[in-house]
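A short write-up of the structure that comes next.
Here, each number is a calculation from the coordinates, and none is a lab measurement. Note that the structure is predicted; figures quoted are calculated from it, not measured. No Cβ is skipped: glycine too gets one built from the backbone with ideal geometry, and neighbour counts run over all protein chains shown.
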Amino acid sequence: MQRILPSCKPRPSVIFRKSARSLARWRAELADCGRRTQPDEMRSLMMMNTFPPFYTGGAEVVAYHEARGLRARGVEVSALVLNNRRPSAVDEWFTLDGIPIHRIHTPPVRRTHWRDAYDPRMYRHALAEIRRLKPDVVHLHNMSAVSLAPYVACRVAGIPVVNTLHDYWLLCTNNMLFDVNEKICSGATGPACGSCWRVYDHWADIPGRRLVFRTLTSNVKRFTSPSQKLIDLHVTAGYARSRFVLIPSGLDERVTEPKHPVVRQLIASAPRHNNVIYAGGGVAPKGVATLIEALPVLRERIPDLRVVVVGGGERHFAAQLAQYEPMVVRLERVPFGEMRGLFAAMDLTLSPSLWHDNSPTVIYESLQMGTPVAGAAVGGIPELIKEGETGYLFPVGDAATLTERVAAHFQRTPLERRQMRQRCVADARERLSLDLHVARMIDTYRDVIGGR
């Protein structure tokens, strides 16, 4: 049977509520993109808990670029965005740069850890979308605030599953293997697994959680991960190594002209400063405390220093950062498409994470834009940074060594720093390109479809 597919040409976003008329408009919008017959192409249905333009972090940015890249290669990609924790019910279709998206929010009737693990409403929505679109493969991303119901729906429908892991939710109730003392936990199970950091996400804290999750996800043909560290931690926890594929993330290299007034001002004034950017906001696991500890010495050692902090977070961190204004410039939120232009204007990016950060998107964006990165030697960060060539590594939580790395960078000659920027771009194009990511993902799709 031939499938009539929408073209990959980007179009402006169109959003509207569910109704017979809106569904017709949605289909018409896709038809307006142009139609082409591709009888042999794959059809992929992505599922996740949030997606641009409504997003919370790097995982959603990665999924967006991945979807666009796959569509450009002829894969018919649609997205189903499910979330059971939003306060208001939503059921709407829209397109974003040619990607058809169906977004469903179901407010919690009464949130429980068992419903976190399996929400029958999410099962019904997932199964209905599978039956409507008839995909060749379902590609799952983050499932927190969705539950594991989509895995059951895929099993019932007999559809092979690829699952990209952005963190450690299969192993940990807070997704990060991060404990109440703001340290990396041992990943223990049973009675020893009860001192979780619970400031943000903490879900499905049920008896035998790991066994339940392993059982419900047993139909996943391939887990993909952008870092080897994440794979190793899951294998240590009992998952078969043969089920994992290492696929570094990939992002489109295009740069959007910034519209945010402060971003435009920062870019315009960048030549007058030594610019450092940290895009973790006031979030403890991202290492903001390490940055704050380093600021007094950095201010003394680096002339004309400006530190740009992007992202929201905890108030006490915001108050501490405010003490260093105007050297520190804080931006609560920047449209994801404008971050690349901001990274390009910076001299150095900081990634001082305290947890096993899988493969931070800010590092990909920085290297693509030619900006070296100083990152903590934890999680998948060391896999992205070549010491002294594209950036620097320092021990987790070590503000003194971070300070030394940053100061040493600004002591390099202009020629050395320019050459370092060139190496960043070359390395990103060689190892972290969207084309490479998409090619590997298509190979993975073919592998699981062929084995169905």
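Using the count of nearby Cβ atoms within 10 Å as a rough guide to exposure, how do Met47, Met327, Met420 rank from fewest to most?
Working: Met47 30, Met327 16, Met420 20.
With the sparsest Cβ surroundings first, the list reads Met327, Met420, Met47.
Once each part is reduced to its C-alpha centroid, what is the distance from region 52-120 to region 201-216 in angstrom?
22 Å
Does region 347-452 come out rounded, prolate or oblate by the C-alpha gyration tensor, with a ≥ b ≥ c the root eigenvalues, rounded set by a/c under 1.5 and, if not, prolate when a/b is larger than b/c and oblate if not?
Oblate.
So what is the relative contact order of the chain, in percent, for Cα pairs below 8 Å that sit 6 or more residues apart? Don't skip to the answer; put the middle values down first.
Details: 873 pairs, mean separation 60.3, N = 452.
That works out to 13 percent.
Please report the projected area of the chain's Cα convex hull averaged over all directions, in nm². Walk me through the numbers on the way to the answer.
Working: hull surface 84.7 nm².
Computed as one quarter of the Cα hull surface, the answer is 21.2 nm².
Using Cα centres only, tell me the gap between region 393-441 and region 248-274 in whole Å.
Between the Cα centre of region 393-441 and that of region 248-274, the gap is 17 Å.
Given H placed on each backbone N at 1.01 Å, which residues far from Met42 in sequence or on other chains put an amide H within less than 5 Å of it?
Answer set, sorted by chain and number: Glu76.
What is region 378-429 by shape, rounded, prolate or oblate, if you read a ≥ b ≥ c off the alpha carbon gyration tensor as root eigenvalues and call it rounded for a/c under 1.5, prolate for a/b larger than b/c, and oblate otherwise? Display every interim value, and only then the final one.
Working: a/c = 4.06, a/b = 1.19, b/c = 3.41.
It is oblate, given that a/c is not under 1.5 and a/b is not larger than b/c.
What order do you get for Leu127, Leu177 when you list them from fewest to most C-beta neighbours inside 10 Å?
Details: Leu127 18, Leu177 22.
Starting with the residue having the fewest Cβ neighbours, the order is Leu127, Leu177.
Which Rg and Dmax, in Å, describe the Cα atoms of region 261-431?
14.4, 41
Report Rg/Rh for region 77-137, rounded to two decimals, where Rg is the Cα radius of gyration and Rh the Kirkwood radius.
On the way: Rg = 12.6 Å, Rh = 12.6 Å.
Ratio of gyration radius to Kirkwood radius: 1.00.
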